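Here the structure is laid out as structure tokens; the discussion comes afterwards.
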Amino acid sequence: MDIAVAKRRSSFSGKFFAAAVLITICFVMFKQSLNSSSHNMFSYHEAGVTHVLVTGGAGYIGSHAALRLLKDSYRVTILDNLSRGNIGAVRVLQKLFPEPGRLQFIYADLGDAKAVNKIFSENAFDAVMHFAAVAYVGESTLEPLRYYHNITSNTLLVLEAMAAHNVKTLIYSSTCATYGEPEKMPITEETTQVPINPYGKAKKMAEDIILDFSKNSDMGVMILRYFNVIGSDPEGKLGEAPRPELREQGRISGACFDAARGIIPGLKVRGTDYETADGTCVRDYIDVTDLVDAHVKALAHAQPGKVGIYNVGTGKGSSVKEFVEACKKATGVDIKVEYLSRRPGDYAKVYSDPSKVRKELNWTAHYTLQESLQIAWRWQKSHLNGYGLSNAMG
């Protein structure tokens, strides 16, 4: 009896194992078929569908741009090496838009010319939103060569790939840091560009390359010069989640929230002797949702052979001290503030004149500083561990 039972059990186990293997093989083949079908949808141009490559799409601004594009029925490819981006943001987007042909993520480095060319050869892009860049002023003064490689050289490679593969529209993520510290405020698009730190210099060099190329090209180019970006998705899908080792370099909003949550003992304000009303730097704080809206409008208005350059800001400057008070109000926490000496490469006062972007793209900022901070704080409170995921590819 025992031998017969053992044989039956063995036979059953064998059949079960074989069935499990067969099911697994079928599932893998089915998944590969779906992936292959989805990939093919990205590899050809489809009437009525605009396929946008979002470089740096796992980053803070890039992920919000990808979300907006997907909501507006664009086809999106995110390309990111995750050196500053967050795979958690990509996974949020993948869950929101799982349909084949809507969103794909490519892990690659824009500094790898062969990889970039291969990506362009295998995908039918209609436009590129180029966000990917290291973007900390203080860090750029310590590692200037890294910034010139990452910003200027990588932009050149993207532009070469676009030209080689006949991609006709570029929306370029630039910065008010290209202006340096102008004598007159507010800053217009005609303000002379005299950047004073490697970050601003690298961005201006990239702009110059784009502008020189555009003179003999039918590419439609939009250059958007950002001011200081804050906020998060008002629906709570995405937010700002810098990795721990970058917190010291990050945006003041992130530092304020870290202080409010007790992650750091307090806020460090660098520089109290600037020629401003209260001695601290004055900046133009633009909400990320408003900023992304400017990109979508720029994409819609891009024309072959034409170049548009726009300042994207609120037109109103707020001092660091005013910002901290607004953050205290938004969080309900009396944040401790430590005042330190100036940070290398910083400037006293920068805010925009957004009249050109308002007139030509019908764009205007809607969120106030207080509203942006309140929305961002809600996301921070509900995502105490950021996206709750490591940046590992697994």
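Inside region 111-132, residues that are outside any helix (DSSP H, G or I) and either at pLDDT below 95 or closer than 25 Å to residue 303 by Cβ (or both) make up a count of 10.
For the condition among the basic types (Lys, Arg) and either touching an Asp or Glu at 6+ places or on another chain (Cβ under 8 Å) or without any contact (Cβ under 8 Å) to a residue 40 or more places away in the chain (or both), what is the one hit in 91, 75? When all the criteria are applied, what remains is 75. Out of 229, 167, one residue alone is buried (at least 17 other Cβ atoms within 10 Å of the Cβ) and in a loop (DSSP other than H, G, I, E, B). It is 167. Evaluated against (1) under 15 Å from the mean Cα position of the chain (by Cα); (2) modelled with pLDDT of 95 or more; (3) of a type outside the set (Ser, Thr, Tyr), residue 84 falls short on exactly one condition, (2). Selection of first residues in region 265-278 that are over 14 Å from residue 322 (Cα atoms) and of second residues that are surrounded by fewer than 12 Cβ atoms within 10 Å (Cβ to Cβ) and among the acidic types (Asp, Glu), restricted to Cβ pairs under 7 Å at least 6 apart or on distinct chains, gives the following pairs, ordered by first then second residue: 266/338; 268/338.
Of all residues in region 137-161, those satisfying the criterion of being of a type in the set (A, V, I, L, M, F, W, C), surrounded by fewer than 21 Cβ atoms within 10 Å (Cβ to Cβ) and over 30 Å from residue 342 (Cα atoms) are 156, 157.
Yes or no, residue by residue, for (1) of a type in the set (A, V, I, L, M); (2) modelled with pLDDT of 95 or more; (3) within 24 Å of residue 58 (Cα to Cα):
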residue: 352; (1), (2), (3): no, yes, no
residue: 364; (1), (2), (3): no, yes, no
residue: 371; (1), (2), (3): no, yes, no
residue: 377; (1), (2), (3): no, yes, yes
residue: 385; (1), (2), (3): no, no, yes
residue: 390; (1), (2), (3): no, no, yes
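Return yes when residue 273 is among the acidic types (Asp, Glu) and touching a helix residue (DSSP H, G or I) at 6+ places or on another chain (Cβ under 9 Å) and no when it is not.
No.
The set of residues in region 357-371 that are surrounded by fewer than 17 Cβ atoms within 10 Å (Cβ to Cβ) and assigned to a helix (DSSP H, G or I) comprises 358, 359, 360, 370, 371. Within region 285-326, the set of residues being out of contact with any strand residue (DSSP E or B) (no Cβ under 8 Å at 6 or more places or on another chain) and over 24 Å from residue 68 (Cα atoms) comprises 316, 322, 325.
When the criteria are applied in full, residue 374 fails the requirement of being loosely packed, with under 14 Cβ neighbours inside 10 Å and closer than 19 Å to residue 253 by Cα.
Residue count for region 85-110, restricted to those that are buried (at least 16 other Cβ atoms within 10 Å of the Cβ) and assigned to a helix (DSSP H, G or I): 6. Based on what the data block shows, is residue 220 touching a Phe, Trp or Tyr at 6+ places or on another chain (Cβ under 6 Å), small (Gly, Ala, Ser) and touching a residue at least 60 places away in the same chain (Cβ under 8 Å)? So residue 220 fails the test. The C-beta contact set for region 284-298 (first residue surrounded by fewer than 24 Cβ atoms within 10 Å (Cβ to Cβ), second residue among the polar types (S, T, N, Q), distance under 7 angstrom, 6+ apart or interchain) comprises 297/362.
Of these, 240, 181, 189, which one is of a type in the set (Asp, Glu), touching a helix residue (DSSP H, G or I) at 6+ places or on another chain (Cβ under 9 Å), surrounded by fewer than 24 Cβ atoms within 10 Å (Cβ to Cβ) and touching a residue at least 12 places away in the same chain (Cβ under 8 Å)?
Being of a type in the set (Asp, Glu), touching a helix residue (DSSP H, G or I) at 6+ places or on another chain (Cβ under 9 Å), surrounded by fewer than 24 Cβ atoms within 10 Å (Cβ to Cβ) and touching a residue at least 12 places away in the same chain (Cβ under 8 Å) holds for just one of 240, 181, 189, which is 189.
Taking the criterion of being outside any helix (DSSP H, G or I), at pLDDT 95 or above, over 13 Å from residue 140 (Cβ atoms) and touching a strand residue (DSSP E or B) at 6+ places or on another chain (Cβ under 8 Å), the residues of region 170-211 that qualify are 170, 171, 172, 173, 174, 186, 187, 188, 189, 193, 194. Being within 24 Å of the chain's Cα centre (by Cα), among the basic types (Lys, Arg) and at pLDDT below 95 holds for only one residue in 243, 270, and it is 243.
The values are calculated or read from the model by the stated rules, or taken from the named source; none is laboratory data. Predicted model, so just to flag it, every value in this text is computed and none were measured. Here Cβ is always computed from backbone atoms with ideal geometry, including for glycine, and neighbour counts include all displayed protein chains.
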